[in-house]
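The values are calculated or read from the model by the stated rules, or taken from the named source; none is laboratory data. Keep in mind that this is a model prediction, so the values were computed, not measured. Because the Cβ atoms are built from the backbone with ideal geometry, glycine has one as well, and the counts that use them run over all protein chains shown. Side chains included, ligands, DNA and RNA excluded: accessible areas come from the protein's heavy atoms. Shrake-Rupley method; radii C 1.70, N 1.55, O 1.52, S 1.80 Å.
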Amino acid sequence: MFVDPVFRGTGLGKRLVQYLKNKFWSITVLVEEGEEEAKAFYEKQGFLSVTALPHELTGKTYWSFIWKKA
């Protein structure tokens, strides 16, 4: 999920995640290594960081974050 920087801090990302939480019982997102703001956002929304995975084509590392409905 990406939110245009113009709209960051407006609650749009939080509303999008809440919408998805109401629709699905489990959500997985990948966050590129170094994107600390995104990592903090997902953790604040209740996602758990599971593992870091290297992308086989680009070599970049992505963190897997998972949320599951209780």
### Message
Take Ser64 and tell me if it is of a type in the set (Ser, Thr, Tyr), open to solvent by less than 60 Å² (accessible area, probe 1.4 Å) and touching a residue at least 40 places away in the same chain (Cβ under 8 Å).
### Response
no
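Select from the stretch 25-61 the residues that are in contact (Cβ under 8 Å) with a residue 40 or more places away in the chain and farther than 26 Å from Asp4 by Cβ and list them in ascending order. Don't jump to the end; show me each part of the working.
From the stretch 25-61, those in contact (Cβ under 8 Å) with a residue 40 or more places away in the chain are 25-27; that's our starting set.
Those that are in contact (Cβ under 8 Å) with a residue 40 or more places away in the chain and farther than 26 Å from Asp4 by Cβ: Trp25, Ser26.
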### Query
Checking Trp25 against (1) modelled with pLDDT of 95 or more; (2) surrounded by 13 or more Cβ atoms within 10 Å (Cβ to Cβ), which single condition isn't satisfied?
(2)
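Taking the options Glu32, Glu56, Glu36, name whichever one is acidic (Asp, Glu), surrounded by 13 or more Cβ atoms within 10 Å (Cβ to Cβ) and at negative phi. Reasoning before the result, please.
On the way: Glu56 fails: surrounded by 13 or more Cβ atoms within 10 Å (Cβ to Cβ); Glu36 fails: surrounded by 13 or more Cβ atoms within 10 Å (Cβ to Cβ).
Unique residue meeting the criteria: Glu32.
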